[in-house]
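A.B. asks: The structure is given below, and queries will be raised subsequently.
No lab work stands behind these numbers, since they all come straight from the coordinates. Everything quoted here is computed from the prediction, not taken from an experiment. Cβ placement follows ideal geometry from the backbone for every residue including glycine, while neighbour counts extend to all protein chains displayed.
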Amino acid sequence: MADYLIVINGKPQGPYPLEQLKELGLQAGSFVKTPQMDDYKEAHEVPELRELLNLKARHALPQYFATLDVRLLAVIIDLFIIFAVFAFIVFIVMLFLAGKEAKIAAAVSGLVIIPLTKLIYGAIMEASTRQATYGKLLMGIKVTDEAGERITSGQAYGRNFSKLICILTLGVGYLIGFFDKRQQCLHDKIAGTLVIKDRLL
């Protein structure tokens, strides 16, 4: 069991062993951190502390929303990853293809395979425990439902395939996000999702 730092009067104090936390009057909203945590969390977010102090988990609505420029960078990173994998596979396949036409067909197939892979990969990753593609993880953002919880597979597929509507509207579906206080684009509104940033402290 790790020792915990606790924020008291705005300053980190400790670390304190788990057994001592009760004596310190730890509350559900107290900020705590162990060496293994990337950032501070509220006590009710840590299962070990909920059990020790008989706390109930509280769900706070998301407050920090990813801007569209950060989301675009995440998309670019994801497309680069997918393209690199596709290019490697096509390179291997071409070693075994004899005809020029077959090689051209293999290369051109990327026009369909890469976008489709992006949609499926996005849905799988966003519905996972990571709640984000690798591009989003690198940018420190993730996808949640409107209550800040992990989305279902249905929401994830709905969100990603609704992007086709944004494309068919010549990008208007994406531009909606610029005028929304929660940065929701059309596909987010359809699926009931948000793209949020890590909590700031």
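A.B. asks: Toward the positive end of the charge dipole of the chain, about the Cα centre and with charges on Cβ (Lys, Arg +1; Asp, Glu -1), which of TYR40, LEU95, ALA84 goes farthest?
C.D. replies: Farthest towards the positive end: LEU95.
A.B. asks: When the helix-only estimate is applied to the chain (DSSP H runs of n ≥ 4, each -39,500 (n - 2.57), divided by the residue count), what is the mean residue ellipticity at 222 nm, nearest 500 deg cm²/dmol?
C.D. replies: It comes out at -13500 deg cm²/dmol, rounded to the nearest 500.
A.B. asks: Quick one: how many lysine pairs in the range 1-143 have C-alpha atoms under 22 angstrom apart, if they're 8 or more apart or on different chains?
C.D. replies: For the range 1-143, qualifying lysine pairs total 14.
A.B. asks: Now for a separate question. Give, rounded to the nearest 20 debye, the magnitude of the charge dipole that the chain has about its Cα centre when Lys and Arg contribute +1 at Cβ and Asp and Glu contribute -1 at Cβ.
C.D. replies: Here the size comes out at about 480 debye.
A.B. asks: Can you tally the net charge around LYS22? Count Lys and Arg as +1, Asp and Glu as -1, for every other residue whose Cβ sits under 15 Å from the Cβ of LYS22.
C.D. replies: On the way: positive: ARG50; negative: ASP3, GLU19, GLU23, GLU48, GLU51.
Cβ neighbours under 15 Å give a net charge of -4.
A.B. asks: Follow-up question, since we're still on this one. So what is the relative contact order of the chain, in percent, for Cα pairs below 8 Å that sit 6 or more residues apart?
C.D. replies: Once divided by the residue count of the chain, the mean separation gives 18 percent.
A.B. asks: Considering the options ILE104, TYR157, THR133, tell which one lies farthest towards the positive end of the dipole of the chain, charges being +1 on Lys and Arg and -1 on Asp and Glu at the Cβ, about the Cα centre.
C.D. replies: Going by the charge dipole, the pick is ILE104.
A.B. asks: Now a separate question. Given the peptides 62-72, 153-163, arrange them by the average over their residues of other C-beta atoms within 10 Å, most packed first.
C.D. replies: Result, highest mean first: 153-163, 62-72.
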